[in-house]
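*Asks:* Following this message is one structure expressed as structure tokens.
The values are calculated or read from the model by the stated rules, or taken from the named source; none is laboratory data. This is a predicted model, so every value here is computed, not measured. Neighbour counts run over all protein chains shown; Cβ positions are idealised from the backbone, glycine included.
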Amino acid sequence: MDEAPPIPSRAVLFLFASPGIDRYRDENNTHAMTPKRWSFVQSLQEDLLAISRYVEFHEANRKTFSLAFDKIILAAGSEINSIFEELVHGEKENLNIDKAKGHLLPQMPSITSTEARLVASEYPVLKPWENWGTANPEWWSMGYNKLKHERSKHYRDATLEYALLSVSGLLILTLHAHRLTTGHDAAVDGFAGRQIFEISNPATASDGYQGGSIMNTFDIGPRP
């Protein structure tokens, strides 16, 4: 009898489809990425997918604004803040994106070169954390922050562009956070829900997809 192939040296996360079970498991049978974290990212991707029936994900629609995009941007930004609070210890009360950058960027430098591509779309490649080393992302300062504090004044900033950047930014941060906290790169069961973003990093010369059709893997670049 042939021996079973070895488990790859990356975290493989499975979503069990059994009723009432919503858990993720990595190769060491530990719950390194909580269900809430991945379920939340997946929920926002599904929201975007639903909106794509009415607003084509095309560069010509970048500045299309909507209350639906407003909700997505605020939800993604809030979850990003939650991840910052989880990863940066001892700074929770006064934590902001600048302080988070000081703590996290040295530990996840390839986040600035990690890209997201919309599956089956001609929309330009998204680089949500590209300039984080020198400035806060525009989608954060001009999108999330403006909508959070002055929504009635800046409702036109709830755009398709900022919604896509916010959710892809959350997805990329979640993947880097998983690597930082577990030491493994994440891969997600392809049956756990449709991924609308392909994640890649030019620094590792990957096309963003590895493995078979069942597993979605994410190339987020070299380790520091």
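*Asks:* Step by step: first the residues of region 167-224, then only those that are of a type in the set (S, T, N, Q) and modelled with pLDDT under 70, then the one that is farthest from the chain's Cα centre (by Cα). Which residue is that?
*Replies:* S213
*Asks:* Output the residues belonging to region 111-136 that are of a type in the set (G, A, S), touching a residue at least 40 places away in the same chain (Cβ under 8 Å) and not in a strand (DSSP E or B).
*Replies:* S113, S121
*Asks:* Give me a count of the residues in region 82-110 that are closer than 14 Å to I172 by Cα and not in a loop (DSSP other than H, G, I, E, B).
*Replies:* 5
*Asks:* Would you check if there is a residue in region 71-85 being farther than 20 Å from A186 by Cβ and of a type in the set (F, W, Y)?
*Replies:* no
*Asks:* Hey, another quick one. Within region 95-132, can you find the residues that are of a type in the set (F, W, Y) and under 17 Å from A163 (Cα atoms)?
*Replies:* Correct list: Y123, W129.
*Asks:* Considering only residues of region 159-169 that are in contact (Cβ under 8 Å) with a residue 40 or more places away in the chain and crowded, with 24+ Cβ neighbours inside 10 Å, which is nearest to K101 (Cα to Cα)?
*Replies:* Top of the filtered list is G169.
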